[in-house]
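Student: Can you keep this structure in mind? I'll have questions shortly.
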Amino acid sequence: MKLPAFEYACPTTLAEAVTLLAAHDGEAKAIAGGQSLVPMLAFRIASPSLLVDLRKLPGLDAIRIDDSGVRLGAMVRWRDILDDARLVRAHPLLVAAVRHVAHYQIRNRGTVGGSIAHADPAAEMPGIVVACDAEIAVTGKAGARVIPANEFFVGALTTTLAPDEIITEIRLPAWPAGRRFGFEEFALRRGDFAIAAAAVFYDQDSAGGAANAHVGVIGVGDRPARLAPVEAVLNGARVDADVIARAAAATSAAVEPPEDIHASAAYRRSLVGTMVERALLAAAA
Amino acid sequence: MATTFEVNGRTVEVEVEPRMTLADCLREVLRLTGTHLGCEHGVCGACTVLVDGEAVRSCLILAVQAEGRSVTTIEGLSSDDELTPLQQSFRKHHALQCGFCTPGMITTAHALLSEEPDCDADRVREVLSGNICRCTGYISIVEAVLDARSAYRKGDGKTEGKPG
């Protein structure tokens, strides 16, 4: 369908963009790459009175890597992540997940900030920020604030972002060398949204057991989630076949997946267990 | 609103509503109807064009967002009477049936081969997974793209003397 009518603004400063959003009292939307928002407009699910284009805002497209971790400017595109050779070491889980994000053409436009703001429960980036305890830096009328990822997503397509707030940066904590990880996703075609996916990582304690285990799941709830019961199975244990099987079973027991035309709830429940199993096998290999 | 950008090497200034997609602007304002519109919500890939050399879905970018960018459509890849090596390969391998998806297949494959002339069949399939052919002639499309790689290793795969 053709897009509904809207006004368009293309500010050159963050302050100007925030002012425009604030002045429209929830009727304005920020547009970054537009790869989620434009389909929403085409379906008339969204019909804002004003689109505030972020493309001219300076400094939002940088990838910064230092001792504190990886900071992705909100306008960093999927393509920029895959093209940045440093990230393979600085955050291999991020790179593994982004390889599953959307199709070739979408990756040339879609942004990390846009994906987080859109908050599709089956999207990879929201899952990664939750699995990795990332922080989302935002700026609005009231100033700047930093939101922990696990507080950011409220439900499907719903976040804590105020109507006048713009995501500026995603901060992923530093990734130590030697960390074990795996990312597994099942989709009908490569690049489609996940029917279920899992992002896992753990460090190793002095006895060779898993420590600091993080198990994130995607596509099996109204928002991405970490699964504490599964992490409890892993922490302190040697990640062998028996532990992996118990983790997979704990995963299936811990989720309440939705049902849609692509998969029943029971199928998703089983599938996400398999995804965690495969991700742990990859991590332990 | 007035927007200026480049299309197939030519600077154009268009007067468009903000809600007009680049795809509609190309087809309806600039009368470049080689860009096809299938789904109009970013799923089928038929409307793929190059923006600053990168493949994008022209139904998911507003015309006003193309301001200052360089857009290449299927019309910009070849001259009127000469096919590019990639287009010749599509003909050789019977890589089109009804032809509706073909402009998107060609622009996408052109972007891929321009950057990765040594890509393998798996990579071609992955990239073309964003382009739907409802005649389902995928095998011959992949073969055509693979066969065109040699032209991109030598040059840029375009017909000579044509901007884009």
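The values are calculated or read from the model by the stated rules, or taken from the named source; none is laboratory data. As the structure is a prediction and not an experimental result, all values here were calculated from the model. Note that each Cβ is placed from the backbone with ideal geometry, even for glycine, and that neighbours are counted across all protein chains shown.
Student: Residue A:260: of a type in the set (D, E, K, R) and at pLDDT below 95, yes or no? Steps first, please.
Tutor: Details: of a type in the set (D, E, K, R): yes; at pLDDT below 95: yes.
Here the answer is yes, as residue A:260 does meet what is asked.
Student: Shifting gears a bit: Is one or more of the residues making up the stretch A:104-123 without any contact (Cβ under 8 Å) to a residue 40 or more places away in the chain, in a loop (DSSP other than H, G, I, E, B) and away from chain B (no Cβ under 14 Å)? Quick ask: steps written out before the conclusion?
Tutor: The initial filter retains those residues of the stretch A:104-123 that are without any contact (Cβ under 8 Å) to a residue 40 or more places away in the chain, namely A:105, A:107-108.
Then keep just the ones that are in a loop (DSSP other than H, G, I, E, B); that gives A:108.
This time we only want the ones that are away from chain B (no Cβ under 14 Å), so: none.
Among the residues of the stretch A:104-123, not one is without any contact (Cβ under 8 Å) to a residue 40 or more places away in the chain, in a loop (DSSP other than H, G, I, E, B) and away from chain B (no Cβ under 14 Å), which makes the answer no.
Student: Can you name the number of the only condition in (1) touching a helix residue (DSSP H, G or I) at 6+ places or on another chain (Cβ under 6 Å); (2) within 14 Å of another protein chain (Cβ to nearest Cβ); (3) surrounded by 24 or more Cβ atoms within 10 Å (Cβ to Cβ) that residue A:100 fails?
Tutor: (3)
Student: Taking residue B:99 and the conditions (1) part of a loop (DSSP other than H, G, I, E, B); (2) of a type outside the set (Ser, Thr, Tyr); (3) over 19 Å from residue B:40 (Cα atoms), which numbered condition does it fall short on, given that it satisfies the others?
Tutor: (3)
Student: Same structure, new question: Among the listed residues B:113, B:62, B:83, which satisfies the condition of being crowded, with 23+ Cβ neighbours inside 10 Å, within 18 Å of residue B:35 (Cα to Cα) and touching a Lys or Arg at 6+ places or on another chain (Cβ under 9 Å)?
Tutor: Step by step, each of B:113, B:62, B:83 is checked, and only B:62 is crowded, with 23+ Cβ neighbours inside 10 Å, within 18 Å of residue B:35 (Cα to Cα) and touching a Lys or Arg at 6+ places or on another chain (Cβ under 9 Å).
Student: Here is a further query. Taking into account only those residues within the stretch B:118-133 that are more than 10 Å from chain A (Cβ to nearest Cβ), among the hydrophobic types (A, V, I, L, M, F, W, C) and in a loop (DSSP other than H, G, I, E, B), which is surrounded by the most Cβ atoms within 10 Å (Cβ to Cβ)?
Tutor: It comes out as B:133.
Student: Here's something else I'd like to know. Out of the stretch A:1-24, which residues are surrounded by 15 or more Cβ atoms within 10 Å (Cβ to Cβ), touching a residue at least 40 places away in the same chain (Cβ under 8 Å) and facing chain B (nearest Cβ under 8 Å)?
Tutor: Those that are surrounded by 15 or more Cβ atoms within 10 Å (Cβ to Cβ), touching a residue at least 40 places away in the same chain (Cβ under 8 Å) and facing chain B (nearest Cβ under 8 Å): A:6, A:7, A:8, A:10.
Student: With the requirement that a residue be facing chain B (nearest Cβ under 8 Å) and within 14 Å of residue A:166 (Cβ to Cβ), what does the stretch A:34-50 give you?
Tutor: Hits for the stretch A:34-50: nothing passes.
Student: Considering only residues of the stretch B:1-53 that are of a type in the set (S, T, N, Q), over 12 Å from the mean Cα position of the chain (by Cα) and within 14 Å of chain A (Cβ to nearest Cβ), which is surrounded by the fewest Cβ atoms within 10 Å (Cβ to Cβ)?
Tutor: B:4
Student: If you check A:269, A:246, which single one turns out to be without any contact (Cβ under 8 Å) to a residue 60 or more places away in the chain, crowded, with 19+ Cβ neighbours inside 10 Å and over 25 Å from residue A:92 (Cβ atoms)?
Tutor: Step by step, each of A:269, A:246 is checked, and only A:269 is without any contact (Cβ under 8 Å) to a residue 60 or more places away in the chain, crowded, with 19+ Cβ neighbours inside 10 Å and over 25 Å from residue A:92 (Cβ atoms).
Student: For the subset of the stretch A:41-85 comprising residues that are without any contact (Cβ under 8 Å) to a residue 24 or more places away in the chain and aliphatic (A, V, I, L, M), which member is surrounded by the most Cβ atoms within 10 Å (Cβ to Cβ)?
Tutor: Among those residues, the one meeting the criterion is A:46.
Student: Against the definition (over 22 Å from residue A:32 (Cα atoms) and in contact with a Pro (Cβ under 6 Å, 6 or more places away or on another chain)), how does residue B:42 come out, yes or no?
Tutor: No: the conditions fail for residue B:42.
Student: Related question: Can you tell me which of A:260, A:203 is within 27 Å of residue A:158 (Cα to Cα), among the acidic types (Asp, Glu) and without any contact (Cβ under 8 Å) to a residue 60 or more places away in the chain?
Tutor: On the way: A:203 fails: within 27 Å of residue A:158 (Cα to Cα).
That would be A:260, the only listed residue that is within 27 Å of residue A:158 (Cα to Cα), among the acidic types (Asp, Glu) and without any contact (Cβ under 8 Å) to a residue 60 or more places away in the chain.
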